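Undergrad: Following this message is one structure expressed as structure tokens.
What follows is calculated from the coordinates using simple rules that are stated; it is not laboratory data. All figures in this text were calculated on a predicted structure; none of them were measured in a lab. Reconstructed Cβ throughout: ideal geometry from the backbone, glycine too, with neighbour counts over all protein chains shown.
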Amino acid sequence: MTTKAQSIATGPGAAAMISAGIGTLTLGLMTTGAVIFAGLKDFLNFYNPAGPLSGKTSVAILAWLVSWLFLNARWKEGDYALEKAFRTTMVLILIGLILTFPPVFEAFE
């Protein structure tokens, strides 16, 4: 009896990783952008008790979800280098986190 090894597509995993990085980067961009642009800060105030934080997180979640749906649909059946996806994700997360630190975004005030 012979068995064939099944291959699992790595595209969905890569899509999940990279979209997490995109969501984190979006949060960082919204945090810094709200300091730079008063109009963006006002726009992001979805819920007064929370202030612009409600909009920052909502936009970041939307960016994560849209990018994940798009990348997953595009890479569903394919193979993607998971090492490259991981490195890309780490760079996006690092930039996003840096942009959320007060010394960084306050430098733009």
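Undergrad: Of the options T31, L71, T100, report the single residue whose Cα projects farthest towards the positive end of the charge dipole of the chain (beta-carbon charges: Lys, Arg +1; Asp, Glu -1).
TA: Going by the charge dipole, the pick is L71.
Undergrad: Separate question: Summing -39500 (n - 2.57) over the DSSP H runs of n ≥ 4 in the chain and dividing by its residue number, what mean residue ellipticity at 222 nm do you reach, to the nearest 500 deg cm²/dmol? Intermediate results must be reported in sequence, preceding the final value.
TA: Details: 5 runs with 78 residues, N = 109.
That calculation yields -23500 deg cm²/dmol at 222 nm.
Undergrad: Also: Determine the dipole magnitude for the stretch 28-108: charges of +1 sit on the beta-carbon of Lys and Arg, -1 on that of Asp and Glu, nothing else is charged, the reference point is the Cα centre, and the result goes in debye to the nearest 20. Can you show the working numbers first?
TA: Details: 6 positive and 5 negative charges, 12 e Å.
The dipole of the stretch 28-108 has a size of about 60 debye.
Undergrad: Which of the peptides 23-31, 88-96, 44-52 is most tightly packed, and how do the rest follow, judged by the mean count of other Cβ atoms within 10 Å per residue?
TA: Numbers: 23-31: 22.8, 88-96: 16.9, 44-52: 13.4.
Output ranking for 23-31, 88-96, 44-52: 23-31, 88-96, 44-52.
Undergrad: While we're looking at this one, here's another question. What helices in the chain pass both tests, a Cα length along the helix axis of 30 Å or more and a mean Kyte hydropathy of -0.5 or higher, using whole DSSP H runs? Show your work: numbers first, answer last.
TA: Working: long enough: 11-36 (36 Å, 1.32); 53-75 (32 Å, 0.96).
Those that clear 30 Å and a mean of -0.5 are 11-36, 53-75.
Undergrad: Still on this structure, please answer the following. Suppose the Debye formula is applied to equal point scatterers at every Cα of the chain; what is log10 I(q)/I(0) at q = 0.12 Å⁻¹?
TA: -0.50
Undergrad: Identify all aspartates and glutamates with a Cα-Cα distance to K56 below 17 Å; exclude those on the same chain that are fewer than 8 residues away in sequence.
TA: Correct list for K56: D42, E106.
Undergrad: Another question about this same structure. Could you pull out the trypsin sites (Lys or Arg not before Pro) across the stretch 25-109 that fall in loop regions by DSSP (anything but H, G, I, E, B) with no more than 14 other Cβ atoms inside 10 Å?
TA: Values: sites: K41, K56, R74, K76, K84, R87; in loops: K76.
Here the trypsin sites (Lys or Arg not before Pro) that fit, given the DSSP loop and packing criteria, are K76.
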